[in-house]
Amino acid sequence: MSTEEQTENLDHTAAPLMEHLIELRQRLIWSAISLIIGFGICYYFVQDVYAFLAQPFVEVSEKYNQDPKMIYTALHEAFFVNLKVAFFSGFCLAFPFIAGQIWKFIAPGLYKNERMAFLPFLVATPVLFGLGASLAYYLVIPQAWDFFMSFQVGLSDPNQPKDEIASLLSIEVLPSVKEYWSLVMLLILAFGLSFQLPVLLLLLARVRIVTADGLAQKRKYMIVGAFAFAAIMTPPDPISQIGLGIPILLLYELSIIVIRLTIRNKEENV
């Protein structure tokens with residue numbers, strides 16, 4: 001091959017690469033714009049968003065006949081918490097548009113059957129994350145808050161005789177807005193990410209990295225790993241750890257069933 005032919009081939013190779021890079025830049029710009037718009041909208045309603053996240057604490061406080069009160073110990077703490085709340089909720093708001101930009105970038109390079117195989121995973125990811133976050137918010141967080149507030153002294157039992165209350169050191173829960181936000185986000189992210197397990201296992205099964213039988217044989221290791229992961233990702237209370245460990249195991253078993261059905265049917269059709 002002559003030098004001119006080699007140069008011409010390099011030019012043809014470089015041209016599509018530049019086109020892909022330009023398109024990638026456009027997708028990233030549109031995604032960033034959508035994130036900024038989502039952040040602005042959510043920052044405008046940030047107090048409503050934080051009130052929604054604090055609702056479990058309010059309900060548990062009322063159960064113990066206490067005023068639902070939070071504090072902040074640094075002058076800038078509440079401001080930065082508002083920024084974090086707005087950014088996180090803004091990302092959730094903009095995620096469908098961002099996912100659409102990702103899909104538009106990778107879809108032209110896939111065959112039709114590959115697009116049909118990949119699209120359900122793209123749709124299932126936010127749905128499963130929402131299910132995990134809902135489980136954390138509506139079930140686990142209220143139970144965990146009730147568990148933590150039961151350790152109060154002198155206030156947790158309004159029926160306790162007054163002479164006994166007077167002899168005790170009064171210990172009352174008074175969380176800071178930063179600590180509360182960090183704890184809520186830790187639980188929501190832990191549950192949301194854990195619910196991505198079926199997506200991960202199905203993708204690995206499609207590329208023949210794992211099989212249903214192999215996953216079933218490693219079930220005993222998964223039991224240990226699920227509760228170890230729950231112990232790391234949740235506060236040190238049995239309610240949230242069990243509340244995360246059991247759904248992970250159920251999703252693991254569900255993934256095995258789905259892999260056996262879909263992968264086997266695909267092999268039989270080939």
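Residues whose amide H lies under 5 Å from that of THR211, counting only those 5 or more places away or on a different chain, are absent; hydrogens are built 1.01 Å from N in the peptide plane.
Ordering ARG219, ARG115 from the fewest to the most neighbouring beta carbons within 10 Å gives ARG219, ARG115. Sparse packing (at most 11 other Cβ atoms within 10 Å of the Cβ) combined with a DSSP loop state is found for the following chymotrypsin sites (Phe, Trp or Tyr not before Pro) in the range 94-133: TYR111. Calculated mean residue ellipticity, 222 nm, the chain: -26500 deg cm²/dmol, from DSSP H runs (n ≥ 4) at -39500 (n - 2.57) each, averaged per residue and rounded to 500. A viscosity of 0.890 mPa s and a temperature of 25 °C, combined with the Kirkwood radius over Cα pairs in Stokes-Einstein, give a translational diffusion coefficient for the chain of 109 µm²/s.
Under the membrane-span-like helix rule (DSSP H runs whose alpha carbons stretch at least 20 Å along the helix axis, mean Kyte-Doolittle hydropathy 1.0 or higher), the chain yields 77-106, 177-194, 219-233. Think of the chain as a dipole: +1 on every Lys or Arg Cβ, -1 on every Asp or Glu Cβ, centred on the Cα centre; then among ILE141, PRO175, PRO96, PRO96 lies furthest on the positive end.
As a proxy for reagent exposure, ranking TRP181, TRP145, TRP30 by other Cβ atoms within 10 Å from fewest up yields TRP30, TRP181, TRP145. Taking amide H as placed 1.01 Å from N in the peptide plane, SER176 has its amide H under 5 Å from the amide H of ILE71, each at least 5 places away in sequence or on another chain. Exposure proxy shown here: for LEU24, LEU122, the number of other Cβ atoms within 10 Å sets the order, fewest to most, as LEU24, LEU122.
Bear in mind these aren't lab numbers, they're just calculated from the coordinates by the rules spelled out. This structure is a prediction, so every number in the text was calculated from the model and none was measured. Here Cβ is always computed from backbone atoms with ideal geometry, including for glycine, and neighbour counts include all displayed protein chains.
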